[in-house]
Number of protein chains: 4
Amino acid sequence: MTTTDARPETAHGPHGYAKEKDAHLKRLRRIEGQIRGLQRMVEEDVYCIDILTQVSASTKALQSFALQLLEEHLRHCVAHAATEGGEEVDAKVEEATAAIARLLRT
Amino acid sequence: MTTTDARPETAHGPHGYAKEKDAHLKRLRRIEGQIRGLQRMVEEDVYCIDILTQVSASTKALQSFALQLLEEHLRHCVAHAATEGGEEVDAKVEEATAAIARLLRT
Amino acid sequence: MTTTDARPETAHGPHGYAKEKDAHLKRLRRIEGQIRGLQRMVEEDVYCIDILTQVSASTKALQSFALQLLEEHLRHCVAHAATEGGEEVDAKVEEATAAIARLLRT
Amino acid sequence: MTTTDARPETAHGPHGYAKEKDAHLKRLRRIEGQIRGLQRMVEEDVYCIDILTQVSASTKALQSFALQLLEEHLRHCVAHAATEGGEEVDAKVEEATAAIARLLRT
């Protein structure tokens, strides 16, 4: 770990998700395409229920992205804070739980 | 519209949401902007939790759009089927409930 | 309909879900059992993740109950209001959409 | 506890939530009361929308309980695994993320 990871952005690495950056961007571009697809559907007067189905698919894709990001965050930032000890880990866990609560409430 | 869309529901617009088309498109373009914002955040290595907050905002925006669409659908298509009588209304209600279930499961 | 249904609660029958009352009560008693199961799990120090799995099952069961109720409501109350015409249907649809929004936000 | 539970994690309590046990049980008993309240509502033919509102409240209460449990789990089990090092933390994070995914999908 010490030799291969120079951690330029200090304490918790460039961020948990850095390694997966390309995969994340690809995923987000696909979601962007889905949203543009929704616009086309509205423009072409597609049946409401079919639009709702596509909205559900986009929401699901956004949540998958969030879960992936969250997993990396727990693995890197939260776990890292735990090894450092002290109050940092409590703050990180609280912050992560608040983020999960926001995801749940949508 | 008349030539390309022979659907019987022309009476209440091609679909319930036709009247709100511009508002819907505006809303969807704003969501598209949020998704592009997410891409920038990932590219600029923004802190994971801040990205998750933005994901929650986008998901919430998508769900508001869905609720709006659903309300118009109930008001126009489902209510229209009810006035027609027969089995059509049962089929419409079942279809709408399935769409709501899909939204709930995401 | 006219002879068998005296509609004591006026306009929209005793309520859409009256016919399904027994099924609903059975379902709710099962959910109550799940919640008591959760208490036992906490008392017996069951592993957190297993408790969370049981919470997800209970939440899913509550949402299925809600969807069933909603479907009956749309079929009876909303559709009935539609046949009556007037502003009643708008009010009913708005009310139903607000209820769906509350379900989505949890 | 000592005789029936030989688990190594005794160091930080039998589980993360042990300290909060009474608060959890109190919360769950309140939810159980809400579910019994729902049964009464169905029995008394309360208006569907009012029942749906109560379902939303119960679901929200269940999710708050889940979030509390999750926070303690992250703080104790996941953070503990992180200090131990090795592959254990990866397994714990994966397991926690799967639990969050199940909560999100309901």
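Every read-out reported here was derived from the displayed coordinates using simple, explicitly stated rules and does not represent laboratory data. Keep in mind that this is a model prediction, so the values were computed, not measured. Every residue, glycine as well, gets a Cβ built from its backbone with ideal geometry; the counts of neighbours run over all protein chains shown.
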**Item:** Spatially proximal lysines relative to B:Lys26 (Cα-Cα < 30 Å; intrachain offsets below 8 disregarded)
**Value:** A:Lys21, A:Lys26, A:Lys60, B:Lys60, B:Lys92, C:Lys92
**Prompt:** Counting other Cβ atoms within 10 Å, which GluC sites (Glu not before Pro) in region D:18-53 have at most 16 and lie in a DSSP loop?
**Reply:** D:Glu44
**Item:** Inter-site label distance for D:Glu88 and D:Arg40 at 7 Å from Cα along Cβ, in nm
**Value:** 4.8 nm
**Asked** Normalised by the residues of region D:19-104, what does the relative contact order come to in percent, with Cα pairs under 8 Å and at least six apart?
**Response** 23 percent
**Request:** Would you mind listing the distances between the B:Val46 label point and the same position in each other copy? Use 7 Å along Cα-to-C-beta, nm, one decimal, shortest first.
**Result:** 2.7, 4.0, 4.2
**Prompt:** A:Ala57 label points, 7 Å along Cα→Cβ, one per copy: pairwise distances from this copy to the rest in nm, shortest first?
**Reply:** 2.7, 3.3, 3.9
**Asked** Karplus couplings for region C:88-93 from phi (6.51 cos²θ - 1.76 cosθ + 1.60, θ = phi - 60°), rounded to Hz, Gly and Pro as x?
**Response** 3, 5, 4, 4, 5, 5
**Neighbour-limited loop hits for GluC sites (Glu not before Pro), region A:53-106 (at most 10 other Cβ within 10 Å; DSSP other than H, G, I, E, B)** = A:Glu87
**Asked** If the label for D:Ala23 sits 7 angstrom from Cα along the Cα-to-Cβ line, what are its distances to the same label in every other copy, in nm to one decimal, shortest first?
**Response** 3.5, 4.1, 4.3
